[in-house]
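See structure below.
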Amino acid sequence: MPYRLIKQEGAARRGEFTTVHGTVQTPAFQNVATAAAIKGGLSALDLKDIRAQVMLCNTYHLHLRPGDKLVAEMGGLHKFTKWDGPILTDSGGFQVFSLAKLRHITEEGVTFNSHLDGHRIFMGPEQSMQIQANLGSTIAMAFDECVENPATYEYAKNSCARTARWLLRCKDEMNRLKHEEKAVNPDQLLFGINQGCTFEDLRVEHMKQIAEYDLDGYAIGGLAVGEPAEVMYDVISAVEPFAPKNKIRYLMGVGTPGNIIEGVYRGVDLFDCVMPSRNARHGHLFTWDGIINIKNL
């Protein structure tokens, strides 16, 4: 098992997550390197200096440029970036649903327009796994549907079912790529994503279902997208008892210091957000005494 629980108080957990690219001490925050670099001038070596543990890169953006096949030719993201620690790649699903103005969802996947030049792209579970296999990340995220919030109960329910079916296809495709030796990293791990909007019963049923798939880790997606923070906390608390105890838990896209503390309190091990580096580029600094702008006189 990659995850080892060391200590637990209430729902809060202290653990270790062991990967082929190093061991992560959890709880942990992942620095977001969208296109394989932290915007604002931080290099992979700088990340080591600040004792970052995991770098997160974006499947959708890297697929568009410089192209995942080029990254594979260069030896995968670790050689491409000179970062030798764990790398997590998201599935591209969030960008497909947030950046594409026109998209068409079917059981096979999603057809949408590139936000760069408008050309048509198709991405489904198999395509997402193939791109992430080329990138050679330590952890690959399953392709899921990111539902707009708010959504109707009926749509959210159908979307959960589709995301579960897509998850099984992701698992099968990853196994095929490894078996045929087409993956840059043959030890790549797969995380599934819990969905269900803010409907707690859908969230619980979906987590119960995907927990049976015996994945390497489990994420909670589709939160921090405009709902009140207390609603997000209630969803995490509802889902946590049904997430496998012996697997790492990851809350996607969450990142303010307060959100992280509240997430850890509710049993989350792993976080990510562009907000810290994005805000830092504009002089926004978090302190124990509140937020200050270091560009002010």
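No value in this document is a laboratory result; all are computed from the given coordinates. Predicted, not measured: the structure shown is a model, and the values here were computed from it. Don't worry about glycine lacking a Cβ; one is built from the backbone with ideal geometry, like all the others, and counts go over all protein chains shown.
Averaging over all projection directions, the Cα-based convex hull of the range 23-182 occupies 10.6 nm² in the image plane.
Go ahead and run the numbers for FRET between Lys39 and Tyr153, Cβ-Cβ distance against an R0 of 30 Å, rounding to 0.05.
Values: r = 38 Å, r/R0 = 1.26.
For R0 = 30 Å, the calculated efficiency reads 0.20.
Per 0.36 nm of contour for each residue apart, how much would the distance between Lys295 and His119 grow if the chain were fully extended, relative to their Cα-Cα spacing? Working shown, then result.
Values: separation 176, 0.36 × 176 = 63.36 nm, distance 4.02 nm.
The Lys295-His119 span can extend by a further 59.3 nm.
Its Cα gyration tensor gives the range 62-117 an equivalent ellipsoid. The semi-axes, each the square root of 5 times an eigenvalue, are 26, 12, 10 Å from largest down.
Applying 1/(1 + (r/R0)^6) with r as the Cβ-Cβ distance of Met74 and Asp172 and R0 = 41 angstrom yields a FRET efficiency of 0.90. Which aspartates and glutamates, if any, have their Cα less than 12 Å from the Cα of Lys82, not counting same-chain residues under 8 positions apart? Reachable aspartates and glutamates: Asp46.
Comparing Cα centroids, the range 168-205 and the range 21-100 end up 18 angstrom apart. Relative contact order for the range 3-293: 17 percent, from Cα pairs under 8 Å spaced at least 6 residues apart, divided by residue count.
DSSP assigns beta bridges within the range 98-191; of those with both partners inside it, close to 70 percent run antiparallel. Take the convex hull of the alpha carbons in the range 218-294; its mean projected area over all directions comes to 5.5 nm². Taking 19 Å as the straight-line reach from the Cα of Lys171, the lysines in range (excluding those fewer than 8 positions away in the same chain) are Lys182, Lys208, Lys247. Here each label is just a point 7 Å from Cα along the line to Cβ, and for His284 and Lys82 those points are 3.0 nm apart. Only aspartates and glutamates eight or more places from Lys39 in sequence, or on another chain, were considered; those with a Cα closer than 18 Å are Asp49, Asp90, Asp272. Computed FRET efficiency, Cβ-Cβ of Glu180 and Arg65, R0 45 Å: what is it to the nearest 0.05? Using R0 = 45 Å, I get an efficiency of 0.95.
For the chain, the spherically averaged projection of the C-alpha convex hull amounts to 15.8 nm².
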